[in-house]
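Engineer: Let me give you the structure first, and then I'll get to my questions.
The values are calculated or read from the model by the stated rules, or taken from the named source; none is laboratory data. None of the values given here were measured: they were computed from a predicted structure. Cβ coordinates were reconstructed from backbone atoms using ideal geometry, including for glycine residues, and neighbour counts include every protein chain displayed.
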Amino acid sequence: MKIGVLTLPLNSNYGGVLQAYALQSVLRRMGHEVYEVELKKNMRWQYPPLWKIPLSFGKRFLIKYILRRKNQKIFLERYERRIYPILIHDILEFEKKYIKQFKVDKFSDSIGKFDAWICGSDQIWRYKYYPFFEGDIANVYLKFLGDDKCKRIAYAASFGTEEWEYPDEATEECKKWIEKFDAVSVREDSARKLCSSCYGIDAKHVLDPTMLLSDVDYKQLIDDSKVPESKGNLFCYILDDSEEKQKVVKVIEKKRHLKAFFMNGDCGNYLEDIENRIQPPIECWLRAFYDSEFIITDSFHACVFSILFHKQFLVLGNQERGLARIYSLLSMFGLEDRLTSARSLGATNIPPIDYAQVDVKLNNLRKNSFKFLEESLAIKNI
């Protein structure tokens with residue numbers, strides 16, 4: 001079967017790229033031909049609306065010439081479109097090697113090209129990301145296919161939050177399109193509840209695609225790439241850094257006699273020098289988990305890979321990014337005690353994880369997730 005997958009633009013997000021890689025890998029092993037469907041035009045660096053331009057350019061002028069920030073660009077969007085492929089060069093190489101893509105000028109160009117469509121995973125249903133889908137949130141529910149007679153499946157789709165963010169009009173429009181789906185599954189328990197209350201849909205709760213593969217699969221990526229050994233054994237992957245989080249790092253580093261290291265190419269910070277913005281290869285990121293004894297993070301997918309590689313870890317909750325995703329993941333494995341606040345230094349005394357119990361739960365969840373995919377793809381269209 002030829003399958004088109006719709007997810008968020010891959011860009012520089014390690015977790016986003018790896019979930020796309022994992023889903024394609026699993027579907028290919030099941031005997032399918034799979035493609036990530038993406039727009040040719042990258043929507044990441046678009047000029048602001050006309051009414052915002054005077055304010056945006058005025059602010060940039062102030063930062064550059066009054067505050068004397070030499071890296072501030074007046075024509076930022078043009079500059080970033082040119083420099084961005086350099087910043088994420090290694091990630092783009094990974095995508096070219098491992099992820100088949102089907103590029104289109106507009107999503108409707110893909111009508112009739114696939115036997116089945118899968119929406120997911122990642123935060124594809126989060127309302128604030130609708131500009132990536134031709135400015136129409138209903139497109140993440142395959143509105144652009146119209147009445148095309150193909151199979152429609154959602155796998156591990158996420159709203160990114162436990163609160164309903166859609167305006168009433170968008171809710172009604174999206175409800176109409178999700179009702180055309182043959183099967184719906186979501187990544188978080190909170191998403192299952194939102195599907196029920198807002199769409200009247202009974203969604204299944206499944207694993208993020210990255211967890212359908214094993215640590216052996218990811219170790220093979222590391223070995224094939226021949227990336228160098230990590231520079232420490234306490235991996236700190238912190239998306240939103242702060243002094244409080246750095247205090248936690250220092251406490252654990254001292255208490256456990258470990259050497260902390262970070263891997264955050266500050267790709268989105270255009271005020272930084274270019275060399276500090278370059279993203280390390282995905283295989284380097286994976287190796288950081290493999291080489292480390294302990295992980296400190298505030299990232300969903302860093303939690304995933306800590307579990308897959310059987311590492312002790314601590315999650316510093318980030319309310320602004322949303323805790324529902326991480327709490328749902330941890331609760332699937334009885335690891336809720338890993339989630340704490342950067343202010344709670346006492347939480348650094350948590351007991352070690354019993355991975356024998358975690359693996360039993362993971363194996364059962366994998367079986368259910370594979371069963372969902374197999375049964376959904378076997379449904380005959382009327």
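Engineer: Mind counting the residues in the range 170-185 that are surrounded by fewer than 16 Cβ atoms within 10 Å (Cβ to Cβ), among the basic types (K, R) and either in a helix (DSSP H, G or I) or in contact with a Ser or Thr (Cβ under 6 Å, 6 or more places away or on another chain) (or both)?
Structural biologist: Looking only at that region, the number is 1.
Engineer: Continuing with this model, one more query. Looking at this structure, is K70 over 28 Å from the mean Cα position of the chain (by Cα), of a type in the set (K, R), surrounded by fewer than 17 Cβ atoms within 10 Å (Cβ to Cβ) and at pLDDT 75 or above? If you could, list the steps in order and put the result at the bottom.
Structural biologist: Values: over 28 Å from the mean Cα position of the chain (by Cα): yes; of a type in the set (K, R): yes; surrounded by fewer than 17 Cβ atoms within 10 Å (Cβ to Cβ): yes; at pLDDT 75 or above: no.
When the stated conditions are applied, K70 does not pass them.
Engineer: From K259, K250, K231, which residue is more than 22 Å from the chain's Cα centre (by Cα) and free of Cβ contacts under 8 Å to residues at least 12 places away in the same chain? Show your work before the answer.
Structural biologist: Numbers: K259 fails: free of Cβ contacts under 8 Å to residues at least 12 places away in the same chain; K231 fails: free of Cβ contacts under 8 Å to residues at least 12 places away in the same chain.
The unique qualifying residue is K250.
Engineer: Taking only the range 331-360 into account, find how many residues are out of contact with any helix residue (DSSP H, G or I) (no Cβ under 7 Å at 6 or more places or on another chain), part of a helix (DSSP H, G or I) and at pLDDT 95 or above.
Structural biologist: Counting residues in the range 331-360 that are out of contact with any helix residue (DSSP H, G or I) (no Cβ under 7 Å at 6 or more places or on another chain), part of a helix (DSSP H, G or I) and at pLDDT 95 or above gives 6.
Engineer: Among the residues of the range 129-169 satisfying the criterion of being basic (K, R) and not in a strand (DSSP E or B), which is farthest from F107 (Cα to Cα)? Even if it seems obvious, please write down each step before you answer.
Structural biologist: Looking only at the range 129-169, we keep the residues that are basic (K, R), and these are 143, 149, 151-152.
With not in a strand (DSSP E or B) added as a condition, the list becomes 143, 149.
Numbers: K143: 10, K149: 16 Å.
The qualifying residue farthest from F107 (Cα to Cα) is K149.
Engineer: Tally the residues that are in contact with a strand residue (DSSP E or B) (Cβ under 7 Å, 6 or more places away or on another chain) and part of a loop (DSSP other than H, G, I, E, B), restricting the search to the range 208-235. Working first, answer last.
Structural biologist: Residues of the range 208-235 that are in contact with a strand residue (DSSP E or B) (Cβ under 7 Å, 6 or more places away or on another chain), as a first pass: 208-209, 230-232, 234-235.
Filter once more, keeping what is part of a loop (DSSP other than H, G, I, E, B): 208, 230-232.
Qualifying residue count for the region: 4.
Engineer: Could you list, in sequence order, all residues of the range 102-120 that are modelled with pLDDT of 95 or more and surrounded by 15 or more Cβ atoms within 10 Å (Cβ to Cβ)?
Structural biologist: Residues satisfying the conditions are F102, V104, F107, D109, S110, K113, F114, D115, A116, W117, I118, C119.
Engineer: On to the next question. Any chance the range 109-125 includes a residue that's more than 19 Å from E172 (Cβ to Cβ) and part of a helix (DSSP H, G or I)?
Structural biologist: Scanning the range 109-125 turns up at least one residue that is more than 19 Å from E172 (Cβ to Cβ) and part of a helix (DSSP H, G or I).
Table: residues versus (1) of a type in the set (A, V, I, L, M); (2) surrounded by 17 or more Cβ atoms within 10 Å (Cβ to Cβ).
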site: N269; (1), (2): no, no
site: N276; (1), (2): no, no
site: L286; (1), (2): yes, yes
site: C303; (1), (2): no, yes
site: Q312; (1), (2): no, yes
site: I326; (1), (2): yes, yes
site: P352; (1), (2): no, no
site: Q357; (1), (2): no, no
site: K371; (1), (2): no, no
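Engineer: Does I326 satisfy being in contact with a Cys (Cβ under 7 Å, 6 or more places away or on another chain) and either of a type in the set (G, A, S) or modelled with pLDDT of 95 or more (or both)?
Structural biologist: Details: in contact with a Cys (Cβ under 7 Å, 6 or more places away or on another chain): yes; either of a type in the set (G, A, S) or modelled with pLDDT of 95 or more (or both): no.
When the stated conditions are applied, I326 does not pass them.
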